[in-house]
Amino acid sequence: MKIPRIVLAGTTSGVGKTSITAAIIHGIKKHGYSVQPFKVGPDFIDPSYLSAVSGRSARNLDPWIMGMKGVEKSFVKNSDSDFSIIEGVMGFYDGFSGDSNFSSTFHVAKILKTPVILVLDASKTARSIAATALGFTKFQRNSQIVGFILNKIGSKKHEELCKQALDSLKIPVLGVIPRNPELVMESRHLGLIPVREQRTLQSKIVKIAKSMSEFIDINKIIQIGKKTTSLPHSQVERRIKPKTTIAIALDESFNFYYQDNIDALRINGANIEFFSPVSDSKVPNCDGIYIGGGFPEVIGNSLEKNQQMQKTIKKMAENDFPIYAECGGLMYLTKSIDYGSKKFKMVGLFDATTKMQKQLKLNYTKAIVSHDCLISNTANTIQGHEFHFSELEDVPRDSKFAYDLSIGVGIKNKKDGLIQNNTLASYMHMHFARSTFAKKFVQNCIKNSRR
């Protein structure tokens, strides 16, 4: 398949990748093209910003959680637009470890044979910016870096100094964005604020993207993207006729989902209904529930007030209803969430308390399934990630866990995946790209519908 495409990478986190990627999307759309966004890494929040500007669901690309074939398959299958743009993660070469490029933006660019535009933060530097740029272009053979975008330029003189320094590299500068506090997106303890959490965010994102796009050579970027090599066709997956319904919690509190996961449930025979644990009075008519991650601690007061929803979910769980929960979903199913001086009462399915901590647990994870559970039989291997500030306290000693982790922290003593009746709840986030987990979950929901 001939897929016009580029990768937008950065030297580090915080250089403005998401804002600039959104700006390029806006600019390409203004030229009359449809744009499909992708995000390297397991992050849930940044893709929502790209979706807001593009009008299409952004997809994640991560070799650790999806496998290299999964990355290529998802990219080709979902690149059904005129142009695809891939936002990188952290610094260009940052990935699974410090001694390899695995799961880095460089790794994904190499898998997908895609040219790279590198964002350089020009604040507090001038000629030295060329040393940084040279290091990134030469650190690995065939870095695929074909252009630079300078961000946070202080003045016309500052721009001239940086351009003069970069001339010797013979790589074009494709954008020069001035330093402007109004072009900064608000962040919080896990990064950017999810788009669904604040209604005004979407209009702000579009406004920033529009402003920034005026400082970028969109025509040149389109030309670069069109010169890419072809990629192998992806085999079309046949969608099974719906046999069951899964209700997915989706609102300002729970919104960390991979679109590929939802697609996988549909392909394996699930009809999807969405509901809000914050504002809905009941769960839709369904045979299973999926509660993803998010920030239940931020709007814990609203979740606590909806006691009818909490009682309904607890009763369903106690009646062996299939419920799969990740991170924020796990927190919601505990007795309470302690957030600073505040304590919010939650569902209480698990006899444990969630307490927010100061230290972030950010890891790729690897686990062996040690007990049969909702999504897997024993002995299967899972590769995922964890990303949270909370911990579970007072977990009963006789609790049953589904996963034994060789990489990662988990809930307790490198164990994750609490099992209670037919509920499975973990800190580990999973991608369904290279597993039968979606199929197993759907099958359990079908069994429940026949009870």
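The values are calculated or read from the model by the stated rules, or taken from the named source; none is laboratory data. This one's a predicted model, so the numbers in the text were calculated from it and none came from an experiment. Cβ sites come from the backbone with ideal geometry, for glycine too, and all protein chains shown count toward neighbours. Ligands, DNA and RNA are excluded from the accessible area calculation, which covers all protein heavy atoms including side chains. Shrake-Rupley method; radii C 1.70, N 1.55, O 1.52, S 1.80 Å.
Numbers for the structure displayed
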{"quantity": "Some residue of region 133-140 being in a loop (DSSP other than H, G, I, E, B), open to solvent by 20 Å² or more (accessible area, probe 1.4 Å) and not small (Gly, Ala, Ser)", "calculated": "yes"}
{"quantity": "Residues of region 298-316 satisfying the condition of being surrounded by fewer than 23 Cβ atoms within 10 Å (Cβ to Cβ) and either in contact (Cβ under 8 Å) with a residue 40 or more places away in the chain or over 20 Å from ILE246 (Cβ atoms) (or both)", "calculated": "VAL298, ILE299, ASN301, SER302, GLU304, LYS305, ASN306, GLN307, GLN308, LYS311"}
{"quantity": "Selection status of THR125, farther than 21 Å from MET68 by Cα, part of a helix (DSSP H, G or I) and open to solvent by less than 70 Å² (accessible area, probe 1.4 Å)", "calculated": "no"}
{"quantity": "Residues satisfying the stated conditions in region 411-424, i.e. open to solvent by 30 Å² or more (accessible area, probe 1.4 Å) and not in a loop (DSSP other than H, G, I, E, B)", "calculated": "LYS412, LYS415, GLN420"}
{"quantity": "Single match in ASP287, ASP320, ASP280 (criterion: without any contact (Cβ under 8 Å) to a residue 40 or more places away in the chain, touching a helix residue (DSSP H, G or I) at 6+ places or on another chain (Cβ under 9 Å), acidic (Asp, Glu) and under 26 Å from ARG451 (Cβ atoms))", "calculated": "ASP280"}
{"quantity": "Options ASN78, ASN60: the member that is under 12 Å from the mean Cα position of the chain (by Cα), surrounded by 19 or more Cβ atoms within 10 Å (Cβ to Cβ) and within 27 Å of ASP251 (Cα to Cα)", "calculated": "ASN60"}
{"quantity": "Extreme residue, most open to solvent (accessible area, probe 1.4 Å), among residues of region 104-122 that are of a type outside the set (A, V, I, L, M, F, W, C) and under 21 Å from the mean Cα position of the chain (by Cα)", "calculated": "LYS110"}
{"quantity": "Conditions (1) of a type in the set (S, T, N, Q); (2) under 18 Å from the mean Cα position of the chain (by Cα); (3) closer than 20 Å to ASN101 by Cα: number failed by THR11", "calculated": "(2)"}
{"quantity": "Yes/no for LYS207 being on the phi > 0 side of the Ramachandran plot and without any contact (Cβ under 8 Å) to a residue 24 or more places away in the chain", "calculated": "no"}
{"quantity": "Selected residue (only one of PRO242, PRO194, PRO232, PRO181 is at pLDDT below 95 and in contact with a Phe, Trp or Tyr (Cβ under 8 Å, 6 or more places away or on another chain))", "calculated": "PRO194"}
{"quantity": "Verdict on VAL176 being modelled with pLDDT of 75 or more, assigned to a helix (DSSP H, G or I), within 23 Å of MET90 (Cα to Cα) and open to solvent by less than 90 Å² (accessible area, probe 1.4 Å)", "calculated": "no"}
{"quantity": "Whichever residue in region 359-409 is basic (Lys, Arg) and either over 14 Å from CYS327 (Cα atoms) or out of contact with any Ser or Thr (no Cβ under 9 Å at 6 or more places or on another chain) (or both) and, among such residues, is surrounded by the fewest Cβ atoms within 10 Å (Cβ to Cβ)", "calculated": "ARG397"}
{"quantity": "Tally of residues being part of a loop (DSSP other than H, G, I, E, B) and either small (Gly, Ala, Ser) or without any contact (Cβ under 8 Å) to a residue 40 or more places away in the chain (or both) across region 393-410", "calculated": "5"}
{"quantity": "Residues of region 1-57 satisfying the condition of being within 13 Å of VAL89 (Cβ to Cβ), among the aliphatic types (A, V, I, L, M) and either part of a loop (DSSP other than H, G, I, E, B) or touching a His at 6+ places or on another chain (Cβ under 7 Å) (or both)", "calculated": "VAL15"}
{"quantity": "Residues of region 378-392 satisfying the condition of being in contact with a Lys or Arg (Cβ under 8 Å, 6 or more places away or on another chain) and either more than 17 Å from LEU362 (Cα to Cα) or not in a strand (DSSP E or B) (or both)", "calculated": "THR381"}
{"quantity": "Identity of the residue in region 141-173, at pLDDT 95 or above and charged (D, E, K, R), that ends up surrounded by the fewest Cβ atoms within 10 Å (Cβ to Cβ)", "calculated": "LYS170"}
